[in-house]
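Comments concern the structure below.
The values are calculated or read from the model by the stated rules, or taken from the named source; none is laboratory data. Since the model is a prediction, treat every value here as computed from it, not as a measurement. Don't worry about glycine lacking a Cβ; one is built from the backbone with ideal geometry, like all the others, and counts go over all protein chains shown. Please note that ligands, DNA and RNA were not included when accessible areas were found on the heavy atoms of the full protein model with its side chains. Shrake-Rupley method; radii C 1.70, N 1.55, O 1.52, S 1.80 Å.
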Amino acid sequence: MIPIFSASKVKTLDAQEIEMEGITSFQLMQRASSALYNKLTELLAKRETSTVVILASGGNNGGDALCVGDLLYCNRRDGFQTRPQKHLDIVIFYIKISDRQTDDFAQAYANVKNIIQIDEISTVDDIERMRTYLQRENLCVVDGLLGSGINRVVKKDSFLGNVIDFVNAERREVSMLVSIDLPSGLMGEDRELSDPNRSIIRADQTICLQYPKMSTLMPESERYVGDMTWVDFDMKLMKEGSGDVGTMLQLSDFDIKRRPKHGHKGTFGKGLFVAGSQEMPGACMLGSKAAMRGGLGMLYVFTHKDVKPYLINYLPEAICKTYDKVDFDSLDSLSQLLAMTDAVAIGPGLSTSDGAKTLVEMVITAASENTLLLDADALNIVASNHLLEKLPSSTIITPHPAEFQRLFGKCANRIEMIDRQMEMAKKYNIIIVLKGAYTTISDGNTLFFNSTGNSGMATAGSGDVLTGIILSLLSQGYEPYEAAKLGVFLHGKAGDEAAKKRGEHAVIASDMIEHLRISE
């Protein structure tokens, strides 16, 4: 697992790491800078770069940037063997916000001042001197102005705000801007991005130290963060600790159930999928096939009679039960299916008609704990009919942001939405999967971020595929929270494999099904 820490926790862990290892804070800075240097040189190797402009202020983030500049100039790793890089022009702008400097920044400054050109920018009028460098061709800008420890916004009318806005405006579009840990001006857990009077660096690449910061995972931050990655500089306490914000999932976090050699259809579970309508048969078909690919033994589908011809042609392995209208007979048929299956998912393509409402209410009433998943139209029915309190314990719901806000009210940003996700999951004793890039999964006590997936998955039917995968895992006996986490991870991984083959622009939902793998 990859722990996600708050900015305040990172500061505490830094101090504890230094004490535990018996090293100086500058030695830790050098270790971090070495990891940053390695990643930066990877990025530089992919493009022709002739000039690196380093922006540093007087804090430890600026110290990191100066150490990276030192390593770039000397082309050395971990303090061994120096060899000047004659082909790379390195320029440092020291953005002097105040007379204060951290001790580590001062030491880093002393190490580079005699070997690399440093231009001090201390007034608004000085900023103009940066223009010539920012407009060079084959340019990389390294942003080391501010780190994750800031706790207030950078106002546009401030000196630093003027610097940031100038850099954003003047650098050539073809240049590359790399931010260390966070784009300067972005806070670690930023809740104020709607403020138009603040300045934030717009990076192409953000290299986080050790692990991602929460703000780098938020959709509102993407225009500042660009592509995000993180580098390991062996922070032992972070590696051994639990994130106070949450945890990012990896495949190694899951215990995939063994499939016994002598198992049969019943061994691997029976799932029930209540989905589809005359107008929307595709959701039923996609979710059903995803459930079968997910490894369950038998899938029963309860759908409108007009969907059946499409479904049996698309997925002959499914057992299709139908209704024409929702009446006593159809409800009796659904009741029998509920009694003979291990888990049920309801909602995709169902519509929000009175009949659909009756089906949703019946499934909620009849389902037992640990066996129910609600998605799409079922969520809209729950929202409009105030059914949240009737959900069985450990019900999984999988809303996208608009559905989430219909259920739980408007939110100003994704961080507020995540706060409410945890609050509502705890209040109703359910599991909430809040979909999006870095989908979050919570039971109200813990929070998990997904690490898989790509923009190609933002396509019609993708959520139906996810519903099918989680239904399959529930049917096979995975605990609901584990089924939700694993289902989200596998769904994203399938999308990543599909994107490798077709490119993100060309991915459609059925591609994810074809690339679904439950184990390596």
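Observations
- Structure-based [θ]222 nm, the chain - -39500 (n - 2.57) summed over DSSP H runs of at least 4, per residue, nearest 500: -12000 deg cm²/dmol
- Shape of region 79-206, Cα gyration tensor, a/c cut at 1.5: prolate
- Sites Arg131 and Ala106, calculated FRET efficiency, Cβ-Cβ separation with R0 25 Å, nearest 0.05: 0.35
- Å² of accessible area per residue within the chain, as computed with a 1.4 Å probe and no ligands counted: 43 Å²
- For the residue pairs Lys357/Lys493; Lys155/Lys410; Lys46/Lys155; Lys270/Lys493; Lys289/Lys325; Lys261/Lys427, alpha carbon separations beyond 30 Å are given by Lys357/Lys493; Lys46/Lys155; Lys261/Lys427.
- Set of aspartates and glutamates with alpha-carbon distance to Lys321 below 16 Å, sequence-local pairs under 8 removed: Asp306, Asp329, Asp332
- Label-to-label distance, Arg502 versus Lys113, with points set 7 angstrom from Cα along the beta-carbon direction: 5.9 nm.
- Sequence of Met292, Met235 from largest to smallest accessible area, 1.4 Å probe: Met292, Met235
- Rel. contact order, % - alpha carbon contacts under 8 angstrom, at least six apart, the chain: 12 percent
- Paramagnetic reach from Ala460 (point 7 Å along Cα→Cβ, amide N under 15 Å) across region 277-301: 277-287
- Average 1/r across all pairs of distinct alpha carbons in region 188-300, invert it, and you get the Kirkwood radius: 19.0 Å.
- Region 381-460 - share of DSSP beta bridges that are antiparallel (%, nearest 5): 75 percent
- Packing rank of 10-21, 392-403, where each peptide gets the mean count of other beta carbons within 10 Å, highest leading: 392-403, 10-21
- Rounded to 10°, Cα long-axis angle of helix 103-112 versus longest principal axis of the chain: 60 degrees
- The Cα center of region 476-520 and the Cα center of region 307-362 differ in position by 25 Å.
- DSSP bridge orientation in the chain - percent antiparallel, rounded to nearest 5: 15 percent
- The portion of the accessible surface of region 339-426 made up by carbon and sulfur, rounded to a whole percent, is 47 (1.4 Å probe; DNA, RNA and ligands excluded).
- Protection proxy ranking for 471-477, 69-75, using the average of other Cβ atoms within 10 Å per residue and placing the highest first: 471-477, 69-75.
- A simple spin-label model places pseudo-atoms 7 Å from Cα toward Cβ; at Ile319 and Lys156 they are separated by 6.4 nm.
- Solvent-accessible area assigned to carbon and sulfur over region 9-147 amounts to 44 percent, based on a 1.4 Å probe.
- Here, region 406-520 yields an orientationally averaged convex hull projection of 7.5 nm² when only Cα atoms define the hull.
- Each principal axis of the Cα cloud of the chain was evaluated for its coordinate range; sorted largest first, these ranges are 86, 50, 42 Å.
- Eligible lysines near Lys11 by straight Cα distance, threshold 17 Å, same-chain separation 8 or greater: Lys213, Lys236, Lys239
- Between 0 and 90°, nearest 10: helix 328-340 axis offset from the chain longest Cα axis: 60 degrees
- Once the mean of 1/r is taken over each pair of separate Cα atoms and inverted, region 361-406 shows a Kirkwood hydrodynamic radius of 10.7 Å.
- Estimated at 0.36 nm per residue, the fully extended path between Ile256 and Ile18 surpasses their Cα-Cα distance by 81.9 nm.
- Cα long-axis angle, helix 480-502 against the chain (0 to 90 degrees, to the nearest 10): 70 degrees
- Kirkwood Rh, Cα atoms: Rg over Rh of region 326-391: 0.93
- Taking the centroid of alpha carbons for each part, region 85-157 and region 243-285 are 51 Å apart.
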